[in-house]
Amino acid sequence: MHITVVGIGYVGLITAVGLAILGHTVHGVDIDAQKIADLLNGHCPLYEKNVQKKINYLYAKKLLHFGTHYRRNDRIFFLTVGTPASQDGTIDLTPLYAAIDSLIAFVPNGALFLIKSTVPVGTSRKIVHYLKEKNVCHAVISNPEFLREGNALYDFLNPDRIVIGADNIHCTAILTKLYQPLLNKKIPFLLTDPTTAELIKQASNAFLANKIALLNELSDLCVQTKADLGALSLGIGLDKRIGEAYLKGGPGFGGSCLPKDIRSLNRSFHQYGIASHILPAVIAANNYRFAYIVNRITAILGGIKNKIIALYGLTFKADTDDTRGSPSLSIIELLLAQKAIIHGYDPKTKYDLLTYNEKGSIKFFNNPEETLCEAEALIIATEWDIFQNIDFEKIKTKGMLKSNIIIDLRNILNKDLLQQKGFSYYCLGRDI
Ligand code: UDX
């Protein structure tokens, strides 16, 4: 099938690559000519395992194309443009409507618009009205994505479910054909209306955020009671009704989706004149984590003013170069506000995109060991494998870390080993 993907951001690029892997001929369109030029020159705009290799392969096979214009004969359009949010959860749908306007100006009646951008509940039906007002007739289908950055291509090809929200039953035959290779793998195909499909997406992220927020709160009780956070997660997660995923303690959930979706869902409650009591509590609980962690760091170091603190991991989690909504950055801001001096390191972030100069003293390093220079403490903020393989023996013998304090916000290091080597090791659920 010939498919166009409109908006080559994170979701758009993975969707385009995924659909091409399923055997379709995919045309990725973006208004950003520089991004398209970079892609055509072999530069993937984001870090995601295996994606560059796949792009090169699919491009050579002529299954994947990129450009700034639509193709005359295409009728199936995935809309994957960004839907930015303000702090109160209001979603800016301007980019989505701009994409729709550009499509209806070009495509004859009878096309399929598949909305993959995450939108507030009720948006697809509003788009249907909008098209009617414009006197054009296209099918609008909600087909939310459930892609985790870092595992996005895997998630596209191995989803837990495919959700299709369509009012027009005739579209489902086309969609069944489109996703046939996945349906052959017996992946559940949930057919519902567009409003429910939109709600499934945001409610799923709200559930995940709930799990993480509750576990992080329970970790505080572990500190007070000396209960074991790791065993607690496992013990809860082994209950099949709960499940093991999303029960890892951390500095709070972040990223471009969970915080945004939970705020947007909360706003939808307001807009429909009802109140959510749970969503605001989860948002507040997560925001509280950052200040709580900084207080603990301050207490451990006996004050942080003018002290150098090394921090590994600037992205919102491991295996990505994405710093949007990163808990590390919220924590850094609070540390800088108390006049700490930050030495930051990340295996993938493009430091030049981070603007901190006016906020305080922060310096980025390209080498984990240099980052430690004169630092009082090392904070581990993301769970990259390479942080687990750091040569702490060398750090200790060469005296690279001034006070030998390690604060592990992901509980990924070996406490016994570090203590044996003479480090003061602090971790979540025990000391933080
Ligand atoms: C999320 C959803 O998982 C995905 O389905 C959706 O489509 C997009 O949003 P992503 O933003 O890539 O994906 O991140 P995810 O892996 O879900 O993690 C979100 C945040 O929760 C991260 O900050 C992560 O570190 C944190 N987290 C996750 C925990 O603190 N503990 C956990 O056990 C899991």
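Every read-out reported here was derived from the displayed coordinates using simple, explicitly stated rules and does not represent laboratory data. It should be emphasised that the depicted structure is a prediction, and the values quoted were computed from it without experimental measurement. Counting neighbours? That spans all protein chains shown, and the Cβs are built from the backbone with ideal geometry, glycine included.
Mean residue ellipticity at 222 nm, helices only, the chain: -12500 deg cm²/dmol; runs of at least 4 DSSP H residues each add -39,500 (n - 2.57), and the sum is divided by the number of residues. Rg and Dmax, both from the Cα atoms of the chain and both in Å, are 23.5, 74.
With the highest mean first, a sort of the peptides 60-73, 327-340, 3-16 on other beta-carbon atoms found within 10 angstrom per residue produces 3-16, 327-340, 60-73. If you plug the beta carbon distance of A173 and A60 into 1/(1 + (r/R0)^6) with R0 = 22 Å, you get a FRET efficiency near 0.10.
Number of Lys pairs in the range 90-201 with C-alpha atoms less than 17 angstrom apart, excluding same-chain neighbours closer than eight positions? Could the numbers behind the result be given before it?
Numbers: K116/K126; K116/K201; K126/K134; K177/K185; K177/K186.
Qualifying lysine pairs in the range 90-201: 5.
For T371, neighbours were defined as the other residues whose beta-carbon sits under 12 Å from its Cβ, and their charges (Lys and Arg +1, Asp and Glu -1) total -3.
Secondary structure note: in the range 72-211, about 20% of the DSSP beta bridges are antiparallel. For the range 131-155 versus the range 394-432, the inter-centroid distance based on Cα atoms is 45 Å. For K185 and D416, what does the FRET efficiency come to when R0 = 30 Å and r is the distance between their Cβ atoms, rounded to the nearest 0.05? Using R0 = 30 Å, I get an efficiency of 0.10. Looking at the chain, the DSSP beta bridges with both ends there are about 5 percent antiparallel. Place +1 on the Cβ of every Lys and Arg and -1 on the Cβ of every Asp and Glu in the range 193-329, take the dipole about the Cα centre, and give the residue among T298, A231, I212 whose Cα lies farthest towards its positive end. Toward the positive end, the furthest listed residue is T298. Among the helices of the chain, those built from whole DSSP H runs whose Cα atoms reach 27 Å or more along their own axis and whose mean Kyte-Doolittle hydropathy is at least 1.0 are 278-301. Treating r as the C-beta distance of Q224 and H270 and R0 as 30 Å, the FRET efficiency rounds to 0.30. Annotation for E133 and R241: the two label points, set 7 Å from Cα along the Cα-Cβ direction, are 4.6 nm apart. Here the spin labels are modelled as points 7 Å beyond Cα on the Cα-Cβ line, and at L234 and K305 they lie 4.5 nm apart. The Cα center of the range 190-226 and the Cα center of the range 48-70 differ in position by 34 Å. Result for the chain in a Gaussian network model with C-alpha springs under 10 Å: among G254, G422, G82, the largest mean-square fluctuation is at G422. Extension gain, D32 to R72, is 12.4 nm, computed as 0.36 nm per intervening residue step minus the present C-alpha separation.
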